[in-house]
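Some notes on the structure that comes next.
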Amino acid sequence: MQDFVDSALARIHAATTADELESVRVEVLGRKGVIADLSKDMGKLAPAERAERGKFINTAKQALESAWEGRKSGFERVALAARLDAEWLDLTVPAPGRKPGSLHPITQIQWEIEDLFRSLGFAVLDGPEVETEHHNFDALNIPADHPARDMQDTFWLEGGHLLRTHTSPVQVRGMEKLGPPLRMIAPGRVFRNESVDASHEHTFYQLEGMMIDRNVSVGNLIYFMKTLLGAIFHREVTVRLRPGFFPFVEPGFELDIRCLICGGDGCPVCKQSGWVELLPCGLVNPKVLRASGIDPAEWNGFAFGLGLTRLVMMRYAIGDIRWLQSGDLRFLGQF
Ligand code: FA5
(Lines give C-alpha, C1' and ligand atoms only; values in the text may rest on other atoms or scores of the structure.)
Protein backbone atom coordinates (compact mmCIF):
# COMPACT_ATOMS: atom_id res chain seq x y z
CA MET A 1 0.00 0.00 0.00
CA GLN A 2 2.91 2.25 0.77
CA ASP A 3 4.11 1.48 -2.76
CA PHE A 4 0.87 2.79 -4.14
CA VAL A 5 1.20 6.01 -2.11
CA ASP A 6 4.82 6.44 -3.29
CA SER A 7 3.87 5.99 -6.92
CA ALA A 8 0.92 8.43 -6.57
CA LEU A 9 3.31 11.02 -5.05
CA ALA A 10 5.72 10.46 -7.94
CA ARG A 11 2.91 10.96 -10.47
CA ILE A 12 1.86 14.19 -8.72
CA HIS A 13 5.42 15.53 -8.91
CA ALA A 14 5.80 14.43 -12.51
CA ALA A 15 2.51 15.92 -13.75
CA THR A 16 3.22 18.42 -16.52
CA THR A 17 -0.27 19.90 -16.94
CA ALA A 18 -3.08 20.94 -14.59
CA ASP A 19 -5.36 18.33 -16.27
CA GLU A 20 -2.89 15.55 -15.61
CA LEU A 21 -2.65 16.63 -11.98
CA GLU A 22 -6.43 16.71 -11.65
CA SER A 23 -6.80 13.17 -12.98
CA VAL A 24 -4.32 11.88 -10.34
CA ARG A 25 -6.30 13.70 -7.66
CA VAL A 26 -9.60 12.15 -8.76
CA GLU A 27 -8.04 8.68 -8.94
CA VAL A 28 -6.37 8.87 -5.52
CA LEU A 29 -8.14 11.48 -3.37
CA GLY A 30 -11.55 11.70 -5.13
CA ARG A 31 -14.84 10.48 -3.65
CA LYS A 32 -14.44 7.15 -5.46
CA GLY A 33 -10.64 7.17 -5.29
CA VAL A 34 -8.24 4.73 -3.70
CA ILE A 35 -8.09 6.49 -0.32
CA ALA A 36 -11.90 6.55 -0.13
CA ASP A 37 -11.94 2.80 -0.95
CA LEU A 38 -9.46 2.12 1.83
CA SER A 39 -11.75 3.87 4.30
CA LYS A 40 -14.86 2.01 3.26
CA ASP A 41 -14.29 -1.37 4.91
CA MET A 42 -12.65 -0.01 8.06
CA GLY A 43 -15.71 -1.02 10.12
CA LYS A 44 -15.06 -4.68 9.38
CA LEU A 45 -11.52 -4.61 10.73
CA ALA A 46 -10.34 -5.63 14.21
CA PRO A 47 -9.80 -2.59 16.47
CA ALA A 48 -5.98 -2.79 16.38
CA GLU A 49 -5.93 -3.18 12.60
CA ARG A 50 -8.51 -0.43 12.23
CA ALA A 51 -6.36 1.97 14.22
CA GLU A 52 -3.33 1.16 12.13
CA ARG A 53 -5.31 1.54 8.86
CA GLY A 54 -6.75 4.86 10.11
CA LYS A 55 -3.29 6.17 10.92
CA PHE A 56 -1.94 5.07 7.57
CA ILE A 57 -4.84 6.64 5.69
CA ASN A 58 -4.41 9.96 7.53
CA THR A 59 -0.67 10.14 6.93
CA ALA A 60 -1.05 9.14 3.25
CA LYS A 61 -3.88 11.61 2.72
CA GLN A 62 -1.92 14.49 4.27
CA ALA A 63 1.20 13.69 2.23
CA LEU A 64 -0.81 13.39 -1.01
CA GLU A 65 -2.89 16.52 -0.41
CA SER A 66 0.08 18.67 0.43
CA ALA A 67 2.00 17.39 -2.62
CA TRP A 68 -1.07 18.02 -4.79
CA GLU A 69 -1.57 21.55 -3.43
CA GLY A 70 2.11 22.42 -3.89
CA ARG A 71 2.03 21.25 -7.48
CA LYS A 72 -1.30 22.96 -8.14
CA SER A 73 -0.11 26.35 -6.90
CA GLY A 74 3.00 25.91 -9.07
CA PHE A 75 0.74 25.53 -12.12
CA GLU A 76 -1.33 28.55 -11.04
CA ARG A 77 1.77 30.73 -10.72
CA VAL A 78 2.88 29.77 -14.23
CA ALA A 79 -0.65 30.43 -15.60
CA LEU A 80 -0.80 33.85 -13.88
CA ALA A 81 2.63 34.84 -15.21
CA ALA A 82 1.52 33.87 -18.74
CA ARG A 83 -1.68 35.92 -18.35
CA LEU A 84 0.19 38.98 -17.06
CA ASP A 85 2.55 38.69 -20.00
CA ALA A 86 -0.34 38.52 -22.45
CA GLU A 87 -2.29 41.37 -20.85
CA TRP A 88 0.69 43.72 -20.33
CA LEU A 89 -0.16 47.42 -20.52
CA ASP A 90 2.20 50.29 -21.34
CA LEU A 91 1.07 52.94 -18.90
CA THR A 92 3.25 55.58 -20.58
CA VAL A 93 1.21 55.49 -23.82
CA PRO A 94 -0.94 58.67 -23.94
CA ALA A 95 -4.56 57.92 -23.12
CA PRO A 96 -6.93 57.85 -26.07
CA GLY A 97 -9.82 60.31 -26.13
CA ARG A 98 -10.07 64.08 -26.30
CA LYS A 99 -6.86 66.06 -26.56
CA PRO A 100 -6.55 69.03 -24.20
CA GLY A 101 -7.27 72.33 -25.93
CA SER A 102 -4.96 75.33 -26.06
CA LEU A 103 -5.31 79.07 -26.32
CA HIS A 104 -5.44 80.65 -29.76
CA PRO A 105 -2.12 82.40 -30.58
CA ILE A 106 -3.91 85.76 -30.75
CA THR A 107 -5.26 85.24 -27.21
CA GLN A 108 -1.82 84.18 -25.97
CA ILE A 109 -0.13 87.33 -27.26
CA GLN A 110 -3.04 89.54 -26.20
CA TRP A 111 -2.68 88.24 -22.63
CA GLU A 112 1.10 88.79 -22.71
CA ILE A 113 0.60 92.42 -23.77
CA GLU A 114 -2.11 92.89 -21.15
CA ASP A 115 0.28 91.63 -18.44
CA LEU A 116 3.01 93.97 -19.67
CA PHE A 117 0.80 97.06 -19.71
CA ARG A 118 -0.82 96.20 -16.38
CA SER A 119 2.70 96.13 -14.91
CA LEU A 120 3.17 99.67 -16.33
CA GLY A 121 0.02 100.93 -14.61
CA PHE A 122 -2.42 100.67 -17.55
CA ALA A 123 -6.06 99.54 -17.16
CA VAL A 124 -7.39 96.92 -19.61
CA LEU A 125 -10.72 98.11 -21.02
CA ASP A 126 -13.34 96.42 -23.15
CA GLY A 127 -15.80 98.06 -25.55
CA PRO A 128 -18.76 97.02 -27.73
CA GLU A 129 -18.23 95.52 -31.20
CA VAL A 130 -21.47 97.14 -32.40
CA GLU A 131 -20.67 100.84 -32.11
CA THR A 132 -22.28 104.19 -32.64
CA GLU A 133 -21.12 106.41 -35.46
CA HIS A 134 -20.27 108.98 -32.79
CA HIS A 135 -17.77 106.75 -30.94
CA ASN A 136 -16.28 105.10 -34.03
CA PHE A 137 -15.90 108.29 -36.10
CA ASP A 138 -17.24 111.66 -34.92
CA ALA A 139 -15.61 111.80 -31.48
CA LEU A 140 -12.34 110.84 -33.16
CA ASN A 141 -12.45 113.90 -35.39
CA ILE A 142 -13.69 111.96 -38.42
CA PRO A 143 -16.94 113.73 -39.42
CA ALA A 144 -19.28 112.27 -42.08
CA ASP A 145 -17.79 114.19 -44.99
CA HIS A 146 -14.18 113.48 -43.97
CA PRO A 147 -12.18 111.48 -46.54
CA ALA A 148 -10.61 109.46 -43.68
CA ARG A 149 -13.89 107.54 -43.38
CA ASP A 150 -13.13 105.98 -46.76
CA MET A 151 -9.89 104.55 -45.33
CA GLN A 152 -11.94 102.17 -43.19
CA ASP A 153 -14.60 100.45 -45.29
CA THR A 154 -17.47 100.00 -42.90
CA PHE A 155 -20.12 97.34 -42.31
CA TRP A 156 -23.18 99.48 -41.60
CA LEU A 157 -26.05 98.13 -39.50
CA GLU A 158 -29.63 99.27 -39.21
CA GLY A 159 -30.34 102.35 -37.11
CA GLY A 160 -27.05 104.11 -37.90
CA HIS A 161 -24.97 101.60 -35.92
CA LEU A 162 -21.92 99.87 -37.36
CA LEU A 163 -19.41 97.09 -36.66
CA ARG A 164 -16.48 98.98 -35.18
CA THR A 165 -13.71 99.43 -37.75
CA HIS A 166 -11.01 99.90 -35.11
CA THR A 167 -10.49 99.78 -31.35
CA SER A 168 -10.12 103.58 -31.14
CA PRO A 169 -13.75 104.11 -29.97
CA VAL A 170 -12.69 102.49 -26.68
CA GLN A 171 -10.29 105.45 -26.22
CA VAL A 172 -13.31 107.71 -26.35
CA ARG A 173 -15.26 105.52 -23.92
CA GLY A 174 -12.22 105.39 -21.60
CA MET A 175 -11.85 109.21 -21.60
CA GLU A 176 -15.59 109.68 -21.05
CA LYS A 177 -15.78 107.21 -18.21
CA LEU A 178 -12.46 107.54 -16.39
CA GLY A 179 -11.18 111.02 -17.34
CA PRO A 180 -7.54 112.13 -16.95
CA PRO A 181 -4.93 111.10 -15.97
CA LEU A 182 -5.56 107.92 -17.95
CA ARG A 183 -3.49 104.89 -18.88
CA MET A 184 -5.47 102.28 -20.76
CA ILE A 185 -5.28 99.58 -23.38
CA ALA A 186 -8.21 97.98 -25.20
CA PRO A 187 -7.72 94.76 -27.15
CA GLY A 188 -10.53 93.54 -29.39
CA ARG A 189 -12.04 92.36 -32.63
CA VAL A 190 -12.68 94.83 -35.43
CA PHE A 191 -14.37 94.54 -38.83
CA ARG A 192 -13.75 96.06 -42.25
CA ASN A 193 -15.60 95.55 -45.48
CA GLU A 194 -12.51 94.82 -47.54
CA SER A 195 -11.28 92.03 -49.74
CA VAL A 196 -9.24 89.32 -48.08
CA ASP A 197 -5.65 88.50 -49.07
CA ALA A 198 -2.48 87.18 -47.37
CA SER A 199 -2.31 90.18 -45.02
CA HIS A 200 -5.90 91.52 -44.91
CA GLU A 201 -8.92 90.01 -43.17
CA HIS A 202 -12.44 91.42 -42.90
CA THR A 203 -12.36 90.46 -39.19
CA PHE A 204 -9.15 90.97 -37.27
CA TYR A 205 -7.75 92.08 -33.92
CA GLN A 206 -6.28 95.36 -32.79
CA LEU A 207 -4.99 96.56 -29.48
CA GLU A 208 -5.52 100.20 -28.67
CA GLY A 209 -3.44 102.09 -26.15
CA MET A 210 -3.74 105.55 -24.67
CA MET A 211 -1.95 107.61 -22.07
CA ILE A 212 -3.25 111.03 -20.98
CA ASP A 213 -1.28 113.06 -18.50
CA ARG A 214 0.53 116.34 -18.18
CA ASN A 215 3.49 116.93 -20.55
CA VAL A 216 3.37 113.67 -22.46
CA SER A 217 5.86 113.73 -25.33
CA VAL A 218 6.75 111.76 -28.47
CA GLY A 219 9.70 110.52 -26.39
CA ASN A 220 7.25 108.85 -23.96
CA LEU A 221 5.40 107.32 -26.92
CA ILE A 222 8.58 105.86 -28.44
CA TYR A 223 9.67 104.48 -25.04
CA PHE A 224 6.42 102.56 -24.59
CA MET A 225 6.39 101.28 -28.18
CA LYS A 226 9.98 100.00 -27.86
CA THR A 227 9.14 98.33 -24.53
CA LEU A 228 6.15 96.66 -26.18
CA LEU A 229 8.03 95.34 -29.22
CA GLY A 230 11.02 94.20 -27.13
CA ALA A 231 8.67 92.18 -24.87
CA ILE A 232 6.90 90.58 -27.81
CA PHE A 233 9.78 89.64 -30.10
CA HIS A 234 12.57 88.95 -27.56
CA ARG A 235 15.05 89.95 -30.24
CA GLU A 236 16.38 92.86 -32.21
CA VAL A 237 13.63 94.15 -34.51
CA THR A 238 14.31 96.89 -37.03
CA VAL A 239 11.67 99.61 -36.84
CA ARG A 240 11.03 102.78 -38.76
CA LEU A 241 8.82 105.70 -37.89
CA ARG A 242 7.28 107.67 -40.73
CA PRO A 243 4.62 110.33 -40.77
CA GLY A 244 1.10 108.91 -40.86
CA PHE A 245 -2.24 110.62 -41.11
CA PHE A 246 -5.02 109.83 -38.64
CA PRO A 247 -7.46 112.63 -37.79
CA PHE A 248 -7.37 111.75 -34.08
CA VAL A 249 -3.61 112.24 -33.64
CA GLU A 250 -1.32 115.17 -34.37
CA PRO A 251 1.50 114.52 -35.15
CA GLY A 252 0.70 111.00 -36.36
CA PHE A 253 3.16 108.20 -37.19
CA GLU A 254 3.27 104.80 -38.76
CA LEU A 255 5.61 102.49 -36.92
CA ASP A 256 6.65 99.72 -39.32
CA ILE A 257 8.86 96.72 -38.59
CA ARG A 258 11.20 94.99 -41.01
CA CYS A 259 9.24 91.97 -42.28
CA LEU A 260 10.16 88.94 -40.18
CA ILE A 261 8.70 86.50 -42.71
CA CYS A 262 11.15 87.36 -45.51
CA GLY A 263 13.78 89.32 -43.55
CA GLY A 264 13.08 92.36 -45.74
CA ASP A 265 13.57 90.73 -49.16
CA GLY A 266 9.89 91.04 -50.09
CA CYS A 267 7.00 88.56 -49.82
CA PRO A 268 3.18 88.52 -50.11
CA VAL A 269 2.78 89.53 -46.44
CA CYS A 270 4.82 92.74 -46.77
CA LYS A 271 3.57 93.21 -50.33
CA GLN A 272 7.18 92.95 -51.56
CA SER A 273 8.12 96.13 -49.64
CA GLY A 274 10.19 94.48 -46.88
CA TRP A 275 8.22 96.43 -44.20
CA VAL A 276 5.04 95.59 -42.31
CA GLU A 277 2.75 98.30 -41.03
CA LEU A 278 2.12 97.34 -37.45
CA LEU A 279 1.63 100.22 -35.15
CA PRO A 280 0.06 103.54 -36.11
CA CYS A 281 0.40 106.03 -33.28
CA GLY A 282 0.75 109.69 -32.38
CA LEU A 283 -0.05 112.45 -29.92
CA VAL A 284 -3.76 112.79 -29.24
CA ASN A 285 -5.36 115.57 -31.26
CA PRO A 286 -6.62 118.35 -28.89
CA LYS A 287 -9.98 118.21 -30.69
CA VAL A 288 -10.39 114.59 -29.56
CA LEU A 289 -9.62 115.51 -25.95
CA ARG A 290 -12.10 118.36 -26.06
CA ALA A 291 -14.82 116.13 -27.59
CA SER A 292 -14.52 113.90 -24.52
CA GLY A 293 -14.60 116.78 -22.06
CA ILE A 294 -10.84 116.97 -21.35
CA ASP A 295 -9.12 120.35 -21.34
CA PRO A 296 -6.20 120.23 -23.83
CA ALA A 297 -4.60 123.24 -22.12
CA GLU A 298 -3.96 121.04 -19.08
CA TRP A 299 -3.73 117.53 -20.49
CA ASN A 300 -2.20 115.84 -23.49
CA GLY A 301 -1.28 112.28 -24.41
CA PHE A 302 -0.38 109.63 -26.92
CA ALA A 303 -2.39 106.84 -28.53
CA PHE A 304 -1.56 103.80 -30.63
CA GLY A 305 -3.54 101.13 -32.48
CA LEU A 306 -1.53 97.94 -32.76
CA GLY A 307 -2.50 95.45 -35.49
CA LEU A 308 -2.61 92.46 -33.14
CA THR A 309 -3.32 89.89 -35.86
CA ARG A 310 -0.34 91.09 -37.89
CA LEU A 311 1.86 91.10 -34.80
CA VAL A 312 1.01 87.42 -34.23
CA MET A 313 1.89 86.71 -37.88
CA MET A 314 5.28 88.38 -37.44
CA ARG A 315 6.06 86.66 -34.16
CA TYR A 316 5.32 83.15 -35.47
CA ALA A 317 6.28 83.79 -39.14
CA ILE A 318 2.78 82.92 -40.38
CA GLY A 319 2.77 83.58 -44.11
CA ASP A 320 -0.99 84.00 -44.60
CA ILE A 321 -3.46 85.80 -42.31
CA ARG A 322 -6.27 83.38 -43.31
CA TRP A 323 -4.72 80.59 -41.22
CA LEU A 324 -5.60 82.43 -38.03
CA GLN A 325 -9.35 82.16 -38.51
CA SER A 326 -9.33 78.89 -40.45
CA GLY A 327 -10.25 76.82 -37.38
CA ASP A 328 -7.83 74.20 -38.73
CA LEU A 329 -6.67 72.18 -35.72
CA ARG A 330 -3.47 71.10 -37.50
CA PHE A 331 -2.52 74.78 -37.56
CA LEU A 332 -3.81 75.68 -34.09
CA GLY A 333 -2.22 72.63 -32.46
CA GLN A 334 1.23 74.15 -33.06
CA PHE A 335 0.76 76.89 -30.46
C1 FA5 B 1 -6.33 102.42 -37.23
O2 FA5 B 1 -7.21 101.55 -37.21
C3 FA5 B 1 -6.21 103.44 -36.16
N4 FA5 B 1 -7.37 103.41 -35.33
C5 FA5 B 1 -4.95 103.19 -35.37
C6 FA5 B 1 -4.52 104.30 -34.48
C7 FA5 B 1 -4.87 104.30 -33.16
C8 FA5 B 1 -3.72 105.35 -34.97
C9 FA5 B 1 -4.48 105.32 -32.32
C10 FA5 B 1 -3.30 106.35 -34.16
C11 FA5 B 1 -3.69 106.34 -32.83
P12 FA5 B 1 -5.14 101.45 -39.35
O13 FA5 B 1 -6.34 101.51 -40.24
O14 FA5 B 1 -3.85 101.75 -39.99
O15 FA5 B 1 -5.30 102.43 -38.09
O16 FA5 B 1 -5.07 99.99 -38.66
C17 FA5 B 1 -4.18 99.72 -37.60
C18 FA5 B 1 -3.46 98.40 -37.83
O19 FA5 B 1 -4.42 97.37 -38.01
C20 FA5 B 1 -2.62 98.35 -39.10
O21 FA5 B 1 -1.33 98.85 -38.86
C22 FA5 B 1 -2.56 96.88 -39.40
O23 FA5 B 1 -1.53 96.25 -38.63
C24 FA5 B 1 -3.89 96.40 -38.89
N25 FA5 B 1 -4.84 96.20 -40.00
C26 FA5 B 1 -5.47 97.15 -40.71
N27 FA5 B 1 -6.29 96.58 -41.63
C28 FA5 B 1 -6.16 95.26 -41.49
C29 FA5 B 1 -6.75 94.11 -42.11
N30 FA5 B 1 -7.67 94.22 -43.06
N31 FA5 B 1 -6.37 92.87 -41.70
C32 FA5 B 1 -5.47 92.75 -40.70
N33 FA5 B 1 -4.88 93.77 -40.06
C34 FA5 B 1 -5.21 95.01 -40.44
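Some notes on this structure:
- Computed over neighbours whose Cβ is under 13 Å from that of residue 161, the net charge equals -3, Lys and Arg +1, Asp and Glu -1.
- Here the range 191-335 is treated as an ellipsoid with the same Cα gyration tensor; its semi-axes, largest first and in whole Å, are 30, 17, 14.
- The range 105-332, dipole about Cα centre (Lys/Arg Cβ +1, Asp/Glu Cβ -1), debye to the nearest 20: 580 debye
- Computed from backbone phi, the HN-Hα couplings of the range 185-195 come to 10, 8, x, x, 8, 10, 9, 9, 7, 9, 6 Hz, rounded to whole numbers (Karplus: 6.51 cos²θ - 1.76 cosθ + 1.60, θ = phi - 60°; Gly and Pro given as x).
- The share of Cα pairs per 20 Å bin across the chain, counted from zero up to the longest distance, runs 24, 33, 7, 8, 15, 12, 1 percent.
- Summary of packing: across the peptides 247-259, 102-114, the per-residue average of other C-beta atoms within 10 Å ranks them, highest first, as 247-259, 102-114.
- When each of 40/72; 177/226; 99/226 is checked by Cα-Cα distance, pairs over 30 Å: 99/226
- Where no second cysteine Cβ lies under 4.7 Å, the cysteines concerned in the chain: 281
- In this structure the range 263-335 gives 44 Å² per residue of accessible area when probed at 1.4 Å with all protein chains present.
- Taking every protein chain into account, the accessible area of the range 2-86 amounts to 69 square angstrom per residue (probe 1.4 Å).
- Shown here for the range 1-110: chymotrypsin sites (Phe, Trp or Tyr not before Pro) in loop regions (DSSP other than H, G, I, E, B) with at most 13 other Cβ atoms within 10 Å, namely 88.
- Fraction of accessible area attributable to carbon and sulfur, the chain (%, probe 1.4 Å): 54 percent
- Cα centroids of the range 255-291 and the range 5-76: 98 Å apart.
- Dipole orientation for the chain: of the candidates 274, 157, 5, 5 has the Cα lying most toward the positive pole (charges on Cβ; Lys, Arg +1; Asp, Glu -1).
- Relative contact order of the range 105-332, defined on C-alpha pairs under 8 angstrom at six or more residues apart (%): 21 percent
- The order of the peptides 202-209, 79-86 by mean Cβ neighbours within 10 Å, most packed first, is 202-209, 79-86.
- Here the range 2-86 is assigned +1 on the Cβ of each Lys and Arg and -1 on the Cβ of each Asp and Glu. Its dipole about the Cα centre then comes out at about 280 debye.
- Of all DSSP beta bridges in the chain, antiparallel share, percent nearest 5: 95 percent
- Ordering 94, 66, 81 by Cα displacement along the dipole of the range 49-98 toward the positive end leaves 66 in first place; charges were set at the Cβ atoms of Lys, Arg (+1) and Asp, Glu (-1).
- Residues with amide H under 5 Å from that of residue 282, placed H, sequence gap 5 or more: 253, 303
The values are calculated or read from the model by the stated rules, or taken from the named source; none is laboratory data. This is a predicted model, so every value here is computed, not measured. With ideal geometry, Cβ positions are generated from the backbone for all residues, glycine too; neighbour counts draw on all protein chains shown. Areas reflect the complete protein model, heavy atoms only, side chains present, ligands, DNA and RNA absent. Shrake-Rupley method; radii C 1.70, N 1.55, O 1.52, S 1.80 Å.
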